[in-house]
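These notes concern the structure reproduced below.
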Amino acid sequence: MKLLAAIHRRRLVALSALALLCALAGAVWVSERSTSSAASRQGQPRALGRTNPGSMLDFSLVMRLRSRELSRFLAALYDPRSPLFHHFIDAKTFGNRFGVSTQALQRVSQELTAAGVRITSSFPQRTALYVRAPAGVINHLFGVTMMDYAAPDGRRYHAPAGTPTVPGSLSGSVSAVAGLNGRFLPSPADVPRGGLGPGSAGLAYDLAPLYKAGITGQGMKIGIVSLAQYKQSDLDAFDQQFGLPPLQPQDVSPSDVGPATDAKTADIVEPDMDLEIIHEIAPQAQVFNYNGPNTVVGGIAKNIAQAAADGKVQVLSISWGECEQLDDPADVPETNQAIESAIARGISIFVATGDSGAYGCQRAAPDNHQLAVSFPASSPGVVGVGGTSLSVAQNGAYSSETPWEWPLEQEGSGGGLSVLFSRPSWQRALGVANRFSNGRRQLPDVSADADVNTGWSIVAGGQVFPEGGTSAATPFWAASMLLIEQYAQRNGVNTAAGLGELDPMLYTIASTPQPAPPFHDITFGTNRYYPATVGWDFATGLGSPDVWNLAQDVVSYLKAHGKK
Amino acid sequence: MTAAGPPVPDSAIVATGVRGANIRHQLRALTAGRLGGSGTVVAFIAGFVAVIGIGVAVVAIVAPSTKPLCQPYKPCGTPPRAGPPMINFTLWRSPQFGYTLEYPSNVATVAQQSSDGLTFGVKLQNGDQATIIVRAASTSQVSPSQGVTNLLGNLNGVTQIASDPSAADQILGATIGHRPGTGGAYVGSITSPQGVSNSAGLGAEAATDGRVTIVAVAVGAQSDAGTQTELYDLADFILESVQWAS
């Protein structure tokens with residue numbers, strides 16, 4: 001009875017307040033629910049003490065590359081005037097040409113074994129060694145003290161007190177120790193829920209002429225990098241919902257870490273969405289799911305390295321990342337070297353720029369108000385994909401777009417200036433050099449619909465609902481580019497080995513006269529800080545694609561530069 | 001010298017009917033002949049003009065028409081006819097100020113409306129209720145920051161309004177209808193007529209197009225982060241759907 005009385009009293013409170021609302025302008029509805037504490041968006045990790053010296057920890061050693069030679073090679077690989085233009089090399093050749101020598105590798109191996117460190121895996125491109133050792137050995141060998149922590153969400157992780165130092169005897173071959181700090185793990189570039197009604201991407205972004213020409217991904221191969229497990233029943237339901245052919249992704253996991261383990265309903269949304277959007281855009285393409293657990297060593301770098309070693313896919317879509325300032329500095333070169341080996345092989349990579357707008361660290365640390373961008377989106381080897389809000393006409397055709405910005409929810413199109421990378425020479429187009437430019441890499445490169453209210457209809461957890469985030473825009477771009485490559489093949493350009501790093505081509509197309517306008521220029525709105533302007537801008541990059549027009553321009557570009 | 005201009009001497013050679021001889025020799029002979037009499041010169045000029053004219057005509061007919069290239073970020077060709085915009089939600093227009101906004105009427109119900117704005121009642125998924133208020137005024141009378149102050153000062157049923165001290169809750173990049181403005185996060189108490197108080201979270205934003213100031217506040221109980229996310233998602237949608245009259 002007491003309970004019923006309490007409920008009744010709370011209802012009376014609510015009804016009284018409602019009456020007040022109706023009587024007075026600007027009144028508020030009140031909650032029936034009493035609260036004990038205010039909701040908080042922030043929290044700090046709690047130190048739990050030193051890591052047990054016997055605990056086995058996985059981490060990685062970043063191998064030195066002949067960086068000057070590699071830079072020269074990559075520049076030539078993407079310079080249309082160079083005889084090396086698009087002469088891609090496989091992972092083994094990459095390792096032989098730019099990695100440490102076989103003898104040096106053997107010496108490192110012997111020394112690690114003697115110190116009690118076991119090599120668990122490596123790839124032929126020799127960008128990193130994946131290793132396992134007791135915490136006590138790590139402490140001794142690299143001059144740190146491994147500590148255990150509890151994250152605000154209860155997750156336990158370890159991190160070193162102090163910066164790991166590579167011993168002198170290894171330093172000729174090993175440049176850094178990565179994967180020891182588990183505080184900030186990559187997060188999916190958001191999957192906000194809600195909204196009403198799906199967008200119609202094919203119509204809005206002008207894919208229909210490609211479909212009409214029979215370009216739907218036949219014979220093409222595309223991959224995603226995923227740190228959570230998708231649900232096959234969701235993919236099946238999606239196919240049924242939209243009348244698509246069945247999709248069964250081919251799962252690939254780095255052998256020593258195994259597949260992604262995260263299968264909570266909230267987490268399967270990301271891989272479900274990535275796979276479904278790719279399948280929706282390129283329904284006949286073969287899809288690979290490069291996946292591993294969301295740990296510092298099982299994550300993005302290793303899966304990119306695996307894709308580079310395999311050489312199976314032409315395009316890779318990555319909807320995961322972390323703001324540059326929160327990334328462990330040792331982890332960045334490992335991922336970046338994996339990216340370099342992938343683009344040397346001809347794999348094109350699209351990465352979501354994140355969903356916190358200009359404040360790239362805010363998602364992981366809500367009280368962090370730094371202007372920041374996300375990595376690996378900021379890597380010069382990838383196409384960073386930002387987000388928009390799309391408006392279509394009643395017939396479904398493109399109408400207009402603004403940058404995606406939700407200031408109250410602290411979300412928006414990731415974009416800004418990198419602190420890790422200089423502005424590459426190819427990043428030139430109308431608007432690139434602007435009042436915010438400081439010589440650093442600028443993001444995003446391109447954009448597409450990321451607003452859940454105008455976004456993508458998906459199935460996850462057995463439910464159909466609209467979805468968004470730059471992690472939705474990214475697989476859309478990746479799959480669209482796959483179709484463009486197929487279209488190029490159809491028009492006599494050999495893209496079987498892929499097109500590799502796309503930015504030099506996209507920026508050239510954006511900044512020179514073309515057969516058809518390739519991008520929708522987005523000129524009104526902000527990403528919570530940087531305004532959208534004519535040409536390139538920090539909110540939406542070069543703009544969103546008119547895919548059919550871009551396909552024609554890509555073919556024209558490749559033919560003009562002797563690609564056959 | 002082998003040729004003065006690409007096709008002309010060859011044509012002239014054919015026209016003179018001389019065949020099977022050394023070209024160099026023929027050219028010399030032709031040149032000598034041209035210099036020898038005005039009739040030959042006239043005939044040569046006439047032939048020259050005729051050949052050029054025919055060539056131009058043939059090129060104009062046979063050559064494919066080249067479409068002019070599109071210049072970067074400039075309008076190009078005939079813009080496609082997109083037709084009227086798709087409106088998925090309920091559209092409301094301010095009779096006084098002309099701006100429009102959209103709202104999902106199955107989630108947000110209009111509790112009150114006036115010529116300058118609306119008050120929405122919002123029932124959240126956990127049963128909590130919340131409010132989103134949108135108002136407008138002439139910018140010459142009310143600036144965006146004044147608008148926020150005025151709206152917060154006139155909220156009935158919410159007391160003890162103060163700036164939210166948590167850095168994590170701050171509103172960065174406030175906009176309405178994609179126009180940058182001002183905004184802030186606040187806390188307060190929702191007090192019922194029976195005197196029962198709940199702590200409240202408020203997010204306020206305001207912007208102007210130079211003529212009209214639009215100001216908005218979203219108010220809900222601070223029960224958990226999920227309810228605030230739900231309320232702010234909806235408020236963001238409504239406020240970014242604003243189409244300014246100017």
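Read the figures in this text as sums done on the coordinates, not as results from a lab. Bear in mind that the values here come from a model prediction, so they are computed numbers and not experimental data. With ideal geometry, Cβ positions are generated from the backbone for all residues, glycine too; neighbour counts draw on all protein chains shown.
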Item to complete: Positive end of the charge dipole of chain A (Lys, Arg +1 and Asp, Glu -1 on Cβ, about the Cα centre): tell me which of A:M63, A:I89, A:N491 has its Cα farthest that way.
Response: A:M63
Worksheet entry | Length-normalised contact order of chain A in % [C-alpha pairs under 8 Å, at least 6 apart] | 15
Response to the item:
Once A:T163 and A:M56 are pulled to full extension, the length gained, defined as 0.36 nm per residue separation minus their Cα-Cα distance, is 36.6 nm
Worksheet entry | Residue order, fewest to most surrounding Cβ atoms within 10 angstrom, among A:M63, A:M147, A:M56 | A:M56, A:M147, A:M63
Response to the item:
Rounded to two decimals, the Rg over Rh value of segment B:109-246 from Cα coordinates and the Kirkwood Rh reads 0.95
Worksheet, complete the sentence: Expected vector for segment B:207-221, Karplus 3J(HN,Hα) from phi with 6.51, -1.76, 1.60 and θ = phi - 60°, integer Hz, x for Gly and Pro, equals 7, 9, 9, x, 10, 10, 9, 10, 10, 9, 9, 10, 10, x, 5
Fill in: Highest-first arrangement of A:220-230, B:196-206, B:135-145, where packing means the average Cβ count within 10 Å
A:220-230, B:196-206, B:135-145
Response to the item:
In nm², the average projected area of the convex hull spanned by the Cα atoms of segment A:63-166 is 9.4
Worksheet item: So between A:A114 and A:N438, what do we pick up on full extension, going 0.36 nm a residue minus the alpha carbon distance?
Response: 111.9 nm
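Count the DSSP beta bridges whose two residues both fall in chain A, then state the antiparallel fraction as a percent rounded to the nearest 5.
Numbers: 48 of 74 bridges.
Roughly 65 percent of the DSSP beta bridges within chain A come out antiparallel.
I'd like the projected area of chain A, averaged over all directions, using the convex hull of its alpha carbons. Report it in nm² with one decimal.
That works out to 29.3 nm².
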Discussion item. Suppose we take every Cα in segment A:135-184 and form the convex hull; what volume per residue is that in Å³?
Written reply: 70
Worksheet entry | Cross-link reach list, aspartates and glutamates versus A:K231, counting only Cα pairs under 19 Å and skipping chain neighbours closer than eight places | A:D190, A:D239, A:D251, A:D262, A:D267, A:E270, A:D272, A:D274, A:E276, A:E280, A:E467
Practice prompt. Against the globular-protein guess of 2.2 N^0.38 Å, express the Cα radius of gyration of segment B:197-246 as a ratio, rounded to two decimals.
Written response: 1.35
Discussion item. Rg and Dmax in Å for segment A:327-387, alpha carbons only: what are they?
Written reply: 12.6, 40
Discussion item. I want to verify the translational diffusion coefficient of segment A:488-564 in µm²/s; compute it with Stokes-Einstein, Rh as the Kirkwood radius over Cα pairs, at 10 °C and 1.306 mPa s.
Written reply: 118
Practice prompt. Partner chain Cβ atoms within 10 Å, averaged over the residues of A:399-407 - can you pull that number for me?
Written response: 5
Fill in: Distance (nanometres) between label positions extended 7 Å along Cα→Cβ at A:A497 and A:H369
5.1
Item to complete: Would you please give the FRET efficiency between B:K74 and B:N106, computed as 1/(1 + (r/R0)^6) with r the Cβ-Cβ distance and R0 = 56 Å, to the nearest 0.05?
Response: 0.85
Worksheet, complete the sentence: Per-residue ellipticity at 222 nm attributable to helices in chain A (runs of n ≥ 4 DSSP H, -39500 (n - 2.57) apiece, nearest 500 deg cm²/dmol) works out to -9500 deg cm²/dmol
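Name the shape class, rounded, prolate or oblate, that the alpha-carbon gyration tensor gives for segment A:335-428, where a ≥ b ≥ c are the square roots of its eigenvalues, rounded holds for a/c under 1.5, and otherwise prolate holds if a/b is larger than b/c and oblate otherwise.
Cα axes put segment A:335-428 in the oblate bin.
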Worksheet item: In segment A:508-523, which residues have a backbone nitrogen under 17 Å from the label point lying 7 Å from A:A560's Cα in the Cα-to-Cβ direction?
Response: A:508-519
Item to complete: With a Förster radius of 22 Å, plug the Cβ-Cβ distance of A:V464 and A:Q284 into 1/(1 + (r/R0)^6) and report the FRET value to the nearest 0.05.
Response: 0.45
Worksheet item: In percent, what relative contact order does segment A:320-378 have, based on Cα pairs under 8 Å that are 6 or more apart in sequence?
Response: 47
Item to complete: Compute the Rg/Rh shape ratio of segment A:252-326: radius of gyration over Kirkwood radius, all on alpha-carbon atoms.
Response: 0.96
Practice prompt. Only residues of segment A:62-98 count here: report those whose backbone N is under 19 Å from the spot 7 Å along Cα→Cβ of A:S422, or say none.
Written response: A:65-79
Worksheet item: Could you give the nm distance between label points at A:A47 and A:S82, where each point is 7 Å from its Cα heading toward the beta carbon?
Response: 4.8
Worksheet item: Stretched out fully, how many nm does the piece from A:Q103 to A:V534 gain, at 0.36 nm a residue minus the Cα gap?
Response: 149.8 nm
Worksheet item: segment A:236-307 to segment A:529-564: how many Å between their Cα centroids?
Response: 27
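What is the diffusion coefficient of segment A:365-406 in µm²/s, taking the Kirkwood radius over Cα pairs and the Stokes-Einstein relation at 20 °C with a viscosity of 1.002 mPa s?
In µm²/s, the coefficient rounds to 162.
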Worksheet item: Among A:R64, A:R126, what is the fewest-to-most ranking by other Cβ atoms within 10 Å?
Response: A:R64, A:R126
Worksheet, complete the sentence: Inter-chain shielding metric for A:45-53, i.e. average beta-carbon neighbours from other chains within 10 angstrom, reads 0
Worksheet entry | Filter on A:K302/B:K74; A:K92/A:K212; A:K264/A:K312 - keep pairs with C-alpha separation over 32 Å | A:K302/B:K74; A:K92/A:K212
